[in-house]
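Asks: Quick one: structure below, then a few questions.
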Amino acid sequence: SFSFISSIGVKFLLKTVRKFEQEGVKKSRRKHLIDENGEHIKEDDTIKENFELSLIDENVKRVLKLVYKEGTENWVNLYRIYEIIKSDIDPIKKGWVESKVIDNFKHTANHPAAAGDDARHGFMKNQAPQNPMSIVDAKQLIETIVKKWIRYKVNNTNKAINE
């Protein structure tokens, strides 16, 4: 589902990020990235952009780790991903999603009557949402927001570098 990183092994990406962190490799010295098969990653490949962005942006690194290490199959991780992105850039203000959709997502994720045992809370006094969001729809929503957020960050990082 997250096609922007599918051509490189996720384990390789996380391992390489950790290696660069441990070795303190300067970002300016990296000329080429190599995938798990020893192949050079093309200069225009979005995977390279995501990788490089994760080296300089802690929020991107945290989101990618949640997506690929923890998964997007539960409400808690989906909500964490949303919180990290919102702390950086508000997806509603950017026009990436309507506030009523996010409100429904948050209400569903939090309420045990809507999200069951996977809800973020064990008990809530307020009523469950009238039309709870399915986990499939929640996953699609968050994946869409992640893609738009990363594309926005890559574009703005590239602009700053080229200025």
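Every number here is computed from the coordinates shown, using simple stated rules; none is lab data. Keep in mind that what you see is a predicted model, and the values were worked out from it rather than measured. In this analysis, Cβ positions are derived from the backbone assuming ideal geometry, glycine residues included, and neighbour counts consider all displayed protein chains.
Asks: List every residue pair whose Cβ atoms lie under 6 Å apart, where the two residues are 6 or more positions apart in sequence or sit on different chains, the first residue falls within segment 70-99 and is without any contact (Cβ under 8 Å) to a residue 40 or more places away in the chain and in a helix (DSSP H, G or I), and the second residue, located anywhere, is surrounded by 13 or more Cβ atoms within 10 Å (Cβ to Cβ) and aliphatic (A, V, I, L, M).
Replies: Taking only residues 6 or more apart or on different chains, the pairs are Asn77/Leu66; Arg80/Leu66; Ile84/Val63; Ser99/Ile92.
Asks: Further question: Could you say whether any residue in segment 122-129 is over 17 Å from Arg62 (Cα atoms), crowded, with 18+ Cβ neighbours inside 10 Å and either free of Cβ contacts under 8 Å to residues at least 40 places away in the same chain or out of contact with any Lys or Arg (no Cβ under 8 Å at 6 or more places or on another chain) (or both)?
Replies: Yes; the residues of segment 122-129 include at least one that is over 17 Å from Arg62 (Cα atoms), crowded, with 18+ Cβ neighbours inside 10 Å and either free of Cβ contacts under 8 Å to residues at least 40 places away in the same chain or out of contact with any Lys or Arg (no Cβ under 8 Å at 6 or more places or on another chain) (or both).
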